[in-house]
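Visitor: Below is the structure I would like to discuss, written out as structure tokens.
The values are calculated or read from the model by the stated rules, or taken from the named source; none is laboratory data. Treat the numbers as computed from the prediction; the structure is a model and nothing was measured. As a convention, Cβ positions derive from the backbone with ideal geometry for all residues, glycine included, and neighbour counts pool all protein chains shown. Each accessible area value is taken on the protein alone, full model and side chains, heavy atoms only, with ligands, DNA and RNA left out. Shrake-Rupley method; radii C 1.70, N 1.55, O 1.52, S 1.80 Å.
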Amino acid sequence: MELIAYISIAWWIVYFEPLQATLTSLYMSLHSRPWVMYLFEALSCIKCMAFWVTVLGSFDFILACEAALGAYILELCLNKLS
């Protein structure tokens with residue numbers, strides 16, 4: 001049950017439009033720095049966010065890997081629907 005909560009939080013962070021619009025505008029203003037592109041891509045990736053949200057929430061590496069795998073599988077299934 002804990003795994004579903006972490007994937008849901010990561011999904012919300014990645015696909016919540018006002019948050020992503022804010023990140024995009026921040027990215028456009030700081031585009032000259034090289035590390036900003038990598039940070040922006042990591043904050044837009046459901047697998048990365050599921051991993052880091054789980055690591056920061058539970059401090060469990062194995063659970064974080066399972067959350068990233070679950071988010072990847074969920075993303076593949078939802079992409080096949082559309």
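Visitor: What are the residue pairs meeting all of these: first residue in the range 30-50, first residue open to solvent by 60 Å² or more (accessible area, probe 1.4 Å) and acidic (Asp, Glu), second residue part of a helix (DSSP H, G or I) and modelled with pLDDT of 85 or more, Cβ atoms under 9 Å, and 6 or more apart or on different chains?
Guide: Hits for this filter: Glu41/Cys48.
Visitor: Another one. What helices (runs of 4 or more DSSP H), lying completely within the range 1-61, carry at least 3 residues that are more than 21 Å from Asn79 (Cβ to Cβ) and at pLDDT 85 or above?
Guide: It comes to 17-29, 46-58.
Visitor: Follow-up. May I ask you to say which residue of Ala21, Ala64, Ala10, Ala5 is under 11 Å from the mean Cα position of the chain (by Cα) and either at negative phi or among the basic types (Lys, Arg) (or both)?
Guide: Checking each option against the conditions leaves just Ala10.
Visitor: Hey, among the residues in the range 51-82 that are touching a residue at least 60 places away in the same chain (Cβ under 8 Å) and under 17 Å from Tyr15 (Cα atoms), which one's surrounded by the fewest Cβ atoms within 10 Å (Cβ to Cβ)?
Guide: Selected residue: Leu74.
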